[in-house]
1. How big is the charge dipole of segment 116-225 about its Cα centre, in debye rounded to the nearest 20, if each Lys and Arg gets +1 on its Cβ and each Asp and Glu gets -1 on its Cβ?
2. Quick check: the angle from helix 118-127's long axis to the longest principal axis of the chain, C-alpha only, nearest 10 degrees?
3. What is the gain in length, in nm to one decimal, between Asp209 and Cys21 on full extension, counting 0.36 nm per residue of separation less the C-alpha to C-alpha distance?
4. With N set to the residue count of segment 1-134, report its C-alpha Rg divided by 2.2 N^0.38 Å to two decimal places.
5. Cα axis of helix 224-233 to longest principal axis of the chain: angle in degrees, 0 to 90, nearest 10?
6. Starting from the eigenvalues of the Cα gyration tensor, five times each then square-rooted, give me the equivalent ellipsoid semi-axes of segment 156-233, largest first, whole Å.
7. Round to the nearest 10 and give me the degree value, 0 to 90, for the angle of helix 196-208's Cα axis relative to the longest principal axis of the chain.
8. I'd like the Karplus ³J(HN,Hα) series for segment 68-83: coefficients 6.51, -1.76, 1.60, θ = phi - 60°, whole numbers in Hz, and an x wherever there's a Gly or Pro.
Amino acid sequence: MVLSHYIDYKVNCSCCEDRSCAVNVLNKNELELLHENSHEIEIKKGEIFLRSGVLNTHIIYLKKGYVKEFVISKNKKNKILQIVKPRAYLGLHSLFGDRVSHFSYAALSDLKVCYINISTFKNLVKINGAFAHELLTFVCQETLYNYDRFINQVQKNTNGRFADVLLYLSDEIFDSLKFELPLNRLELSELIGLSRENTARVITKFKEDKIINITNRAIEILKPDLLKKISLNG
């Protein structure tokens, strides 16, 4: 895998300020092993840095920035599965289940990530039960939440889907009623599961009803209680 723009660093895992809860349970020798088999890399916004179907050689830890996880259907259309925020691992689903990545990942902003040798990562899972427990907890919580989102998306109308995505971004990704949308309109429609035309119409409706305010990509949720009601009844 070759990235068109990146800067490679060597960072000591034992003193990393952005390390995960899983890494916090590693002992000194295990941290040294992790340090010797990982590299911190800066990736520019817009870069697709892992594609589906590629042989897994590393687990990727997201330290800074936001990533979209997506799949490409047989008719060449993208479906964004989720937005990944910092302190998350990419590629865990294929760690023991398969040798290739089943998802693609693209940078929604400039990133700092750590590439960790997959053999080393598997070894740490095997020898440190607390490390494995933290990773399993992360994967299970993420999977259950996303399953719930996908089921709701299928069952809800346009307004309900859009309300769900706004609450997802506000509550789960940015933890704020005001945030800078990292997606363009096409990507937003791919996340919601609507056409660009229907996405544009529902945005206009929510703005006219003063549920949200949008300036360029800056979104402010003005009526969070009403938004939750639309989500519930959608």
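Just so it is clear, none of the values below were taken in a lab; they were calculated from the coordinates. Just so it is clear, the structure is predicted and the values come from calculations on it, not from any experiment. Every residue, glycine as well, gets a Cβ built from its backbone with ideal geometry; the counts of neighbours run over all protein chains shown.
1. Working: 14 positive and 15 negative charges, 56 e Å.
Using only the charged Cβ atoms, the result is roughly 280 debye.
2. It works out to around 80 degrees.
3. On the way: separation 188, 0.36 × 188 = 67.68 nm, distance 4.18 nm.
Net length gain for the segment: 63.5 nm.
4. Numbers: Rg = 14.7 Å, N = 134, 2.2 N^0.38 = 14.1 Å.
My calculation over the Cα atoms of segment 1-134 gives 1.04.
5. Result, in degrees: 90.
6. On the way: eigenvalues 49, 44, 30 Å².
Square roots of five times the eigenvalues give 16, 15, 12 Å.
7. 70
8. In residue order, the calculated couplings are 9, 9, 9, 10, 10, 6, 5, 8, 6, 9, 8, 10, 7, 7, 6, 9 Hz.
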